[in-house]
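Reading through the structure tokens given below for one structure.
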Amino acid sequence: LWADRIGNASGNFFLDTDYEYLYASESLEWDMGTVQALTRDWHQAQESEDRLGRFVDWLEEDMPGRFEEILNFILEKRANE
């Protein structure tokens, strides 16, 4: 999730669009399809923000312990590949 966010590769207009892209691109067509798509993306972006916030809260509860848990998870995944 975070890698997609920092790489502007989430597939979500609100999470992937920055000022440079907005200024360089053509303006959006404001038809019903665009409004519906943007509405869906807005709700998805809000859910993404919530998920990321919950993860950060979980991480900050016990940073050394959570870091160890994440590292063990990654190492186990690599061992099973």
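Looking for something assigned to a loop (DSSP other than H, G, I, E, B) and either modelled with pLDDT of 95 or more or touching a strand residue (DSSP E or B) at 6+ places or on another chain (Cβ under 9 Å) (or both) - is there at least one such residue anywhere in the range 17-36?
Scanning the range 17-36, I find no residue that is assigned to a loop (DSSP other than H, G, I, E, B) and either modelled with pLDDT of 95 or more or touching a strand residue (DSSP E or B) at 6+ places or on another chain (Cβ under 9 Å) (or both), so the answer is no.
For the range 33-59, name all the residues that are touching a Lys or Arg at 6+ places or on another chain (Cβ under 8 Å) and without any contact (Cβ under 8 Å) to a residue 40 or more places away in the chain.
Correct list: 58, 59.
Only one residue in 30, 2 is of a type outside the set (Asp, Glu) and either on the phi > 0 side of the Ramachandran plot or without any contact (Cβ under 8 Å) to a residue 40 or more places away in the chain (or both), so which one is that?
30
Quick check on residue 15: is it touching a Phe, Trp or Tyr at 6+ places or on another chain (Cβ under 7 Å) and open to solvent by less than 60 Å² (accessible area, probe 1.4 Å)?
It is false that residue 15 is touching a Phe, Trp or Tyr at 6+ places or on another chain (Cβ under 7 Å) and open to solvent by less than 60 Å² (accessible area, probe 1.4 Å).
Of the numbered conditions (1) more than 22 Å from the chain's Cα centre (by Cα); (2) loosely packed, with under 10 Cβ neighbours inside 10 Å; (3) not polar (S, T, N, Q), residue 7 fails exactly one; give the number of that condition.
Result: residue 7 fails condition (1) only.
The values are calculated or read from the model by the stated rules, or taken from the named source; none is laboratory data. Since this is a predicted model, take the numbers as computed values, not measurements. No Cβ is skipped: glycine too gets one built from the backbone with ideal geometry, and neighbour counts run over all protein chains shown. Each accessible area value is taken on the protein alone, full model and side chains, heavy atoms only, with ligands, DNA and RNA left out. Shrake-Rupley method; radii C 1.70, N 1.55, O 1.52, S 1.80 Å.
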